[in-house]
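Please read through the structure below; I'll follow up with questions.
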Amino acid sequence: MAVTEHPNATPAALAEHIANALRSAIAARGQASLAVSGGKSPIPLFEALREQDLDWSKVSVVLVDERVVPRDHADSNTALVARHLLQGRAAAARFLLFFRELAPTFNAEVLDALVRDAEERIAILPWPLDVVVLGMGEDAHTASLFPGAPGYARAIATDQRLAWVVPDTAPHARISFTLSALLAARELVLSITGESKLAVYRRAAQKADEALPISLVINQTQTPLSVWMN
Ligand SMILES: O=C(O)[C@H](O)[C@@H](O)[C@H](O)[C@H](O)COP(=O)(O)O
């Protein structure tokens with residue numbers, strides 16, 4: 001599958017691209033599903049996307065991955081999306097959460113149960129996802145697919161939709177869409193900001209390498225990927 005690159009891309013240009021994909025999905029199937037990543041970079045995109053003129057009441061929004069923290073925690077992606085994306089016109093969208101209440105401590109069994117519960121919560125999502133918006137870390141992680149982390153090997157091998165990963169290079173255990181769920185999407189969008197991430201992307205684009213998770217999303221023939229660089 002060819003990768004389409006958009007250099008010098010503005011958040012507004014990417015927002016228009018995503019909105020067009022959502023409009024097409026609604027026109028074709030009466031509904032649309034959008035998965036978005038958290039972190040810091042997507043905020044300008046969220047603020048551009050939320051004002052796009054489309055029938056947001058027919059859009060289901062879900063996170064690509066979520067840190068296992070309460071919603072009022074500073075690192076909650078759920079709170080980030082609620083605050084920056086689901087405002088204005090986009091406030092009419094349906095936001096499907098992976099979890100609400102959390103156990104005070106985590107071990108593999110608790111995380112397994114959290115994943116099972118999250119799978120049930122998102123079972124009503126229009127599937128496959130119409131648009132998945134990915135970011136990337138300097139270590140080439142994407143979603144919460146952190147190379148070498150506990151849970152990572154399973155998350156890139158399973159055909160389940162969600163998995164847990166406990167990165168040792170970033171805070172919090174995470175619930176994440178798996179590689180197979182990401183590659184099942186109708187369209188993948190990767191947004192990259194800055195020269196250092198661009199260099200990581202260029203290296204990852206050379207070949208699939210489990211040590212560089214984003215390379216598994218780039219070097220594949222299953223779903224179209226567009227890369228928006230700014
Ligand atoms: O929960 C998360 O952190 C994201 O889903 C993660 O995959 C993010 O896209 C990258 O870490 C880049 O994050 P920044 O945009 O903050 O650099």
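The values are calculated or read from the model by the stated rules, or taken from the named source; none is laboratory data. The structure displayed is predicted, hence computed values, not measured ones. In this analysis, Cβ positions are derived from the backbone assuming ideal geometry, glycine residues included, and neighbour counts consider all displayed protein chains. Each accessible area value is taken on the protein alone, full model and side chains, heavy atoms only, with ligands, DNA and RNA left out. Shrake-Rupley method; radii C 1.70, N 1.55, O 1.52, S 1.80 Å.
Tell me, yes or no, whether the stretch 65-76 has at least one residue that is closer than 23 Å to Gly30 by Cβ and among the hydroxyl-bearing types (Ser, Thr, Tyr).
The answer is no, given that none of the residues of the stretch 65-76 is closer than 23 Å to Gly30 by Cβ and among the hydroxyl-bearing types (Ser, Thr, Tyr).
In addition: I'd like the residue in the stretch 14-28 that is open to solvent by 20 Å² or more (accessible area, probe 1.4 Å) and in contact with a helix residue (DSSP H, G or I) (Cβ under 9 Å, 6 or more places away or on another chain) and, out of all such residues, is nearest to His141 (Cα to Cα).
Top of the filtered list is Glu16.
Would you confirm whether any residue within the stretch 39-55 is more than 14 Å from the ligand (Cβ to nearest atom), assigned to a strand (DSSP E or B) and either open to solvent by less than 10 Å² (accessible area, probe 1.4 Å) or touching a strand residue (DSSP E or B) at 6+ places or on another chain (Cβ under 9 Å) (or both)?
No, the stretch 39-55 contains no residue that is more than 14 Å from the ligand (Cβ to nearest atom), assigned to a strand (DSSP E or B) and either open to solvent by less than 10 Å² (accessible area, probe 1.4 Å) or touching a strand residue (DSSP E or B) at 6+ places or on another chain (Cβ under 9 Å) (or both).
State which residue pairs qualify: first residue more than 12 Å from Leu97 (Cβ to Cβ) and free of Cβ contacts under 8 Å to residues at least 24 places away in the same chain and inside the stretch 54-82, second residue within 16 Å of the ligand (Cβ to nearest atom) and assigned to a helix (DSSP H, G or I) in any location, beta carbons under 8 Å apart, and separation of 6 or more residues or different chains.
Every condition considered, the pairs that remain are Asp72/Ala79; His73/Ala79.
Show the residue pairs meeting these rules: Cβ distance below 6 Å; 6+ apart or different chains; first residue within the stretch 153-176 and on the phi > 0 side of the Ramachandran plot; second residue crowded, with 17+ Cβ neighbours inside 10 Å and β-branched (Val, Ile, Thr).
Every condition considered, the pairs that remain are His172/Val68; His172/Val69.
Here is a follow-up. Can you pull out the strands (runs of 3 or more DSSP E) entirely within the stretch 106-187 that have at least 2 residues that are surrounded by 19 or more Cβ atoms within 10 Å (Cβ to Cβ) and out of contact with any Phe, Trp or Tyr (no Cβ under 9 Å at 6 or more places or on another chain)?
Per the criteria, 131-134.
Now for a different question. Given the criteria more than 30 Å from Glu16 (Cα to Cα), open to solvent by 20 Å² or more (accessible area, probe 1.4 Å) and either away from the ligand (no atom under 16 Å from the Cβ) or in a loop (DSSP other than H, G, I, E, B) (or both), does Ala74 qualify?
Here the answer is no, as Ala74 does not meet what is asked.
Could you please find all residues in the stretch 17-38 being within 14 Å of the ligand (Cβ to nearest atom) and not hydrophobic (A, V, I, L, M, F, W, C)?
Within the stretch 17-38, Ser37, Gly38 meet the criteria.
For the stretch 194-205, does any single residue satisfy the condition of being touching a Lys or Arg at 6+ places or on another chain (Cβ under 9 Å) and surrounded by fewer than 21 Cβ atoms within 10 Å (Cβ to Cβ)?
no
Since Leu114 meets every condition but one in (1) at pLDDT 95 or above; (2) touching a helix residue (DSSP H, G or I) at 6+ places or on another chain (Cβ under 8 Å); (3) farther than 18 Å from Leu182 by Cα, which condition does it not meet?
Among (1) at pLDDT 95 or above; (2) touching a helix residue (DSSP H, G or I) at 6+ places or on another chain (Cβ under 8 Å); (3) farther than 18 Å from Leu182 by Cα, the lone unmet condition for Leu114 is (2).
Could you tell me which numbered condition Ala90 fails, if it satisfies all but one of (1) closer than 19 Å to Ala181 by Cα; (2) open to solvent by less than 20 Å² (accessible area, probe 1.4 Å); (3) away from the ligand (no atom under 14 Å from the Cβ)?
The single condition Ala90 does not satisfy is (1).
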